[in-house]
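First comes the structure, then the notes that go with it.
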Amino acid sequence: MGYSSQEIDDEQLAIIDDLEMLREDLVGELQAINQYHGHILILENEEAATILEHIIEEEKEHVAELLKLIQNLDPVQADKFKEIL
């Protein structure tokens, strides 16, 4: 991000680290949703497809929870969400 150690304190560094991890988690959840969708399209077993559809709904809940956490830790990001939602 280009910050010097004089510009940010330990608490701010911890928030930056937390945000990085949460954003990586968000990417993982979105990738999982896409992967499950792809599998549903080619699965022949209806039960398996139904279970993956259920898992997708859970992953979408995880996405929403992660977005809320990110907004709580990053006021600029929260403002951006408000602008577009």
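Laboratory data are not the source of any read-out in this text; all were calculated from the coordinates shown. No experiment lies behind these values; they were computed from the predicted model shown. Cβ: placed from backbone, ideal geometry, glycine included. Neighbour counts: every protein chain shown.
Brief remarks on what is shown
- With respect to the chain, whose longest principal axis is taken over its alpha-carbon atoms, helix 10-42 is tilted by about 20°.
- Note: relative contact order over the range 17-84, using C-alpha pairs below 8 Å and six or more positions apart, is 40 percent.
- Placing unit charges on the Cβ atoms only, positive for Lys and Arg and negative for Asp and Glu, gives the chain a dipole magnitude near 340 debye about its Cα centre.
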